[in-house]
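A.B. asks: The structure that follows is given in the form of C-alpha cells.
The values are calculated or read from the model by the stated rules, or taken from the named source; none is laboratory data. These figures come from a predicted structure and were not determined experimentally. All Cβ positions, glycine included, derive from the backbone under ideal geometry; neighbour counts span all protein chains shown. Only protein heavy atoms, including side chains, enter the accessible area calculation; ligands, DNA and RNA are left aside. Shrake-Rupley method; radii C 1.70, N 1.55, O 1.52, S 1.80 Å.
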Amino acid sequence: MCRHLAYLGPPRDLATLLLDPPHSLLRQSYAPADMRGSGTVNADGFGVGWYPDGVTTPIRYRRAVPIWTDAAFAALARDVRSGAVLAAVRSATVGMPIVDTACAPFATGRWLFSHNGVVAGWPHSVAAPAGRLPVTDLLTLDASTDSALLWALVRHRLAAGASLGGALGAVTAQVQACAPGSRLNLLVTDGTELAATAVHHALAVRVVDGGVLVCSEPTDQSPDWEPVPDCHLLTATPSTVDVAPIPVTTAEEP
Ligand code: GLN
C-alpha cells in the first residue's frame, strides 16, 4: 500500500519533511514497516504538492519513478519551503496503470488529495456511485485507478459545500457500503486544514513545533506520535487535532 504524509505549520523545506527523517517518506518507499500484507515497496511513483507562501493554489510534482531515483526532486526539495505539504509514494495495485497521473496528490483548485489502500472489487463494486457523478468528471479522471475515482467522489462533495472531514467521512461510508473490505486511508488538505481517515490501514499523527504532521508511518522514534485508531477520522489545523469515529450516517449523495 502506498504511504502518504501531510504537514501544516511553520514553513519548512521539503527535504526536512520528506527526505531527512530516519523513517522518512523516502525511506518508507523502499523499507516501509507496516504494509499489512499488501505489497513490499512503494516504487511505482511519487508525488508532492505544496502551497507557496501566500498562495492558495498548490504546485505539484508527480512522477512514475521511485522517489529515490529522482535526483532533480532531491535537489529542489532543499530549496522549496512551504507551510502546507501533501506527499505520497505509490505501490500500484495489480492491474492499475503506472503513469505520472496515477500518483497522488490529485488536485483541483485549492485541494490536494491522496488515497492509501484499495477499493475491493474494483471497478464493478463502485459502478453505482461512479455512475451518479457528472459524466465529465468521469471523462476527466486523472487515471483509470480506484484512487482517481475516490478523488472524484470526494471532490464532488467538497464542491457541493462539504467540509474536508465531512467529504472523507461520507465517501468512506459510501464505498464501504458497496465495496466492503476496501482499505480507505484518505487524506485531503486545502492548505489551511487537513482531514484523514484510517480505514483498515496505518496512520499516525504528531504535533510538532507549531504544526501538525500526519503520516502512514511515524517518520521517527519520537514518543509524540499517536496512532489513529481504525475507522476514525482525523481533522487538523496547525494548532488543533481532533480524532473521532467516522460517522456512519453521512453516506447520502450531495
Ligand atoms: N490503489 C491505489 C493505486 O493503485 C493505491 C495503491 C496503494 O495504496 N498501494 O494507486
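A.B. asks: Going toward the positive end of the dipole of the chain, with +1 on Lys and Arg Cβ and -1 on Asp and Glu Cβ, which of V199, H232, W68 do you reach last?
C.D. replies: Looking along the dipole axis, the top candidate is W68.
A.B. asks: Rounded to the nearest percent, how much of the accessible area of the chain (1.4 Å probe, protein heavy atoms only) is carbon and sulfur?
C.D. replies: That share works out to 57 percent.
A.B. asks: At each listed q (0.09, 0.14, 0.18 Å⁻¹), what is the log10 of I(q)/I(0) that the Debye formula gives for region 126-254 modelled as equal alpha-carbon point scatterers?
C.D. replies: -0.26, -0.62, -0.97
A.B. asks: Give me the 1.4 Å probe accessible area per residue for the chain, excluding ligands and nucleic acids, in Å².
C.D. replies: Per-residue value: 40 Å².
A.B. asks: For a protection proxy built on the mean count of beta-carbon atoms within 10 angstrom, sort 216-227, 107-118 highest first, please.
C.D. replies: 107-118, 216-227
A.B. asks: Quote the Stokes-Einstein diffusion coefficient, in whole µm² s⁻¹, for the chain, based on the Kirkwood radius over alpha carbon pairs, a temperature of 20 °C and a viscosity of 1.002 mPa s.
C.D. replies: Diffusion coefficient, whole number: 121 µm²/s.
A.B. asks: Can you work out ³J(HN,Hα) from phi for every residue in region 162-171, in order, using Karplus 6.51 cos²θ - 1.76 cosθ + 1.60 and θ = phi - 60°, giving whole Hz and x for Gly and Pro?
C.D. replies: After applying 6.51 cos²θ - 1.76 cosθ + 1.60, I find 5, 6, 4, x, x, 5, 5, x, 5, 6 Hz.
A.B. asks: What ranking do 155-168, 179-192 get when scored by the average of other Cβ atoms within 10 Å per residue, highest first?
C.D. replies: 179-192, 155-168
A.B. asks: Rounded to whole Hz and in sequence order, give me ³J(HN,Hα) for region 200-206 from the Karplus expression 6.51 cos²θ - 1.76 cosθ + 1.60, θ = phi - 60°, writing x for Gly and Pro.
C.D. replies: 6, 8, 6, 7, 9, 9, 9
A.B. asks: Where the only charges are on Cβ atoms (+1 Lys, Arg; -1 Asp, Glu), what is the dipole of the chain about its Cα centre, to the nearest 20 debye?
C.D. replies: Dipole size: approximately 380 debye.
A.B. asks: Let me ask you something else. Along the charge dipole of region 1-155, Cβ charges K/R +1 and D/E -1, which of S29, T140, G9 sits furthest on the positive end?
C.D. replies: It is G9, whose Cα lies furthest towards the positive end.
A.B. asks: Taking 7 Å along the Cα-to-C-beta vector as the label spot, tell me the A74-C231 distance in nanometres, rounded to one decimal.
C.D. replies: Spacing of the two 7 Å Cα→Cβ label points: 4.4 nm.
A.B. asks: Between T192 and D209, 0.36 nm times their residue separation minus their Cα-Cα distance comes to what?
C.D. replies: 4.5 nm
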